[in-house]
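Derivation of every value follows stated rules applied to the coordinates shown; laboratory data play no part. Please read all numbers here as calculations on a predicted model, not as lab measurements. Positions of Cβ are generated from backbone atoms using ideal geometry, with glycine treated the same way; all protein chains shown enter the neighbour counts.
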Amino acid sequence: MAFDTIIAGGTVVTASDAYVADVAVSGSKVVAIGKDLPRENAGRVFDASDKYVLPGGIDVHTHLDMPFGGTTSADDFETGTRAAAFGGTTTIIDFAIQYKGQTLRAALDSWMEKAASRAVSDYAFHCIITDLKDAHLDEMKALVREGVTTFKLFMAYPGVFMLDDASIFRALRQTAAHGGMVCMHAENGGAIDVIVRQALAEGKTAPKYHALTRPTTAEAEATARAIALAEMAGAPVYIVHLSCNDALEKVREARDRGLPVYAETCPQYLYLSLDNFDAPGFEGAKYVFTPPLREKWHQEKLWTGLKQDQLQVVSTDHCPFCFKEQKEMGRDDFTKIPNGGPGIEHRMSLIYSGGVAQKRFSVSRFVEIVSTTPAKLFGLYPRKGTVAVGSDADLVIFDPNREHTISAKTHHMRVDYSMFEGIRVKGMPEIVFSRGRVLVEKDKFMGRPGGGEYLKRSSATGLP
Ligand code: URP
Ligand code: ZN
Ligand code: ZN
């Protein structure tokens, strides 16, 4: 049998195993895995000895081309998925926003249009609901059937995105009845608003006050409330961008009680802290995102949470705004700094480096956190999220020994700074495939805009 591609002699890593084998690809699929697969007539053979062969990374939380805070996130679906590919991420799930008065369908149509001719790799959407009338509940049911199986709700940003508890409860009950899952932005927006207004009245306008006006208790309270509402509704719930130990404890307690509660954290909460606001001048604005950075001691708690499966996923919440002209909009008032930070490119290396190279967890756990569990929770498994016969050939030849210093000078995201500037990582993708096509080879981009496909997802969470 002739194969299009053979990836030879690498260590194939899945969430459960790591073993040396050849991986054969024909068309868009993995078609064989074994020792010494026949290489005669293979289109191309890639030597992966001393390297890992990983399933492509899945980033379930990105905001590309998103209007927010009076401006638009700096990466579109082309530049964002391209940067993701350089970092070994081959699937993203972005957010289609329903603005007040809009149907969910209109939201989805508009984000489909942004992505279709631009994405270089595969993509799917969650739907952000900001206005929940009876008709929208019917639409939720229809969207789940059509493969948009997850809905982000906000307990923060009053007047913009925030829903009241009754609406949240109704949405949760709808997912309990018809499948799907709510992804919750858990912060007590009402209390935060009061603290923010007081800070501004006291003349506290610098970027660090973004963090100092959003206490960990506000995140923990909302996390506990989200879990309680989900329990009453009999629904699963997924807590997005969890940033602190206080909220983690609420998730841990719920999981210990056997509730279907899941949570993600992001590299910024594992690597950065309140100390970053000591940056000179207005540069603290580079670290303004929500939930905010926390005291440094939270980082190790989050790493332990990942190791012990209290946290199941690392996503990026990639929401890039340039320092010049975008972050600068809030020079005199931290509430006018667009909230969000860039990270889509470096998630895999940062989590490999901090997790596996620093011996906090195994390479299989790494794969589980950045690819397999995202695929299972969000209805993409086993098409995505593993290296197996029949799965999409979204594959990464990953060099565990290659070191790199992260810098805006060399990154591929369309943003003029890096949150992780100067951080040295160990472990980098070398060759990245999307459905059998080479996307990145030795630091060169080989893909094309529009090469990505829209993914219809199933509603099964696939996890206990
Ligand atoms: O600051 C952030 N996280 N911006 C993106 C929107 C959100 O809440 O995820
Ligand atoms: Zn959020
Ligand atoms: Zn987000």
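If you go through region 188-225, how many residues are in contact with a His (Cβ under 9 Å, 6 or more places away or on another chain) and within 16 Å of ligand 3 (Cβ to nearest atom)?
Going through region 188-225 one residue at a time, the tally reaches 1.
Just to check your reading of the model, which residue among V182, V196 is within 24 Å of the chain's Cα centre (by Cα) and within 16 Å of ligand 1 (Cβ to nearest atom)? Show your work before the answer.
On the way: V196 fails: within 24 Å of the chain's Cα centre (by Cα).
None of the other options fit; the residue is V182.
For region 345-371, which residues satisfy the criterion of being touching a Pro at 6+ places or on another chain (Cβ under 7 Å) and more than 18 Å from H318 (Cα to Cα)?
Across region 345-371, the qualifying residue is only V367.
Is it fair to say K51 is of a type in the set (K, R) and within 30 Å of Y19 (Cβ to Cβ)?
yes
Anything in region 322-350 that is crowded, with 20+ Cβ neighbours inside 10 Å and away from ligand 2 (no atom under 16 Å from the Cβ)? List them, or say none.
Correct list: Q326, K327, G330, F334, E345, H346, R347, M348, S349, L350.
What are the residue pairs meeting all of these: first residue in region 278-299, first residue without any contact (Cβ under 8 Å) to a residue 12 or more places away in the chain and of a type in the set (S, T, N, Q), second residue assigned to a loop (DSSP other than H, G, I, E, B) and within 16 Å of ligand 2 (Cβ to nearest atom), Cβ atoms under 6 Å, and 6 or more apart or on different chains?
Pairs that qualify, where the first residue is without any contact (Cβ under 8 Å) to a residue 12 or more places away in the chain and of a type in the set (S, T, N, Q) and the partner is assigned to a loop (DSSP other than H, G, I, E, B) and within 16 Å of ligand 2 (Cβ to nearest atom): there are none.
Answer yes or no as to whether L200 is surrounded by fewer than 18 Cβ atoms within 10 Å (Cβ to Cβ) and over 19 Å from P260 (Cβ atoms).
Spelling it out, L200 is indeed surrounded by fewer than 18 Cβ atoms within 10 Å (Cβ to Cβ) and over 19 Å from P260 (Cβ atoms).
Could you check how many residues of region 160-179 are within 16 Å of ligand 1 (Cβ to nearest atom) and in a helix (DSSP H, G or I)? Write out each step before concluding.
Looking only at region 160-179, we keep the residues that are within 16 Å of ligand 1 (Cβ to nearest atom), and these are 160-163, 168.
With in a helix (DSSP H, G or I) added as a condition, the list becomes 168.
So the count comes out to 1.
Being surrounded by 24 or more Cβ atoms within 10 Å (Cβ to Cβ) and either part of a helix (DSSP H, G or I) or charged (D, E, K, R) (or both) is the filter here, so list the residues in region 62-85 that pass it.
Result: D75, F77, G80, T81, R82, A83, A84, A85.
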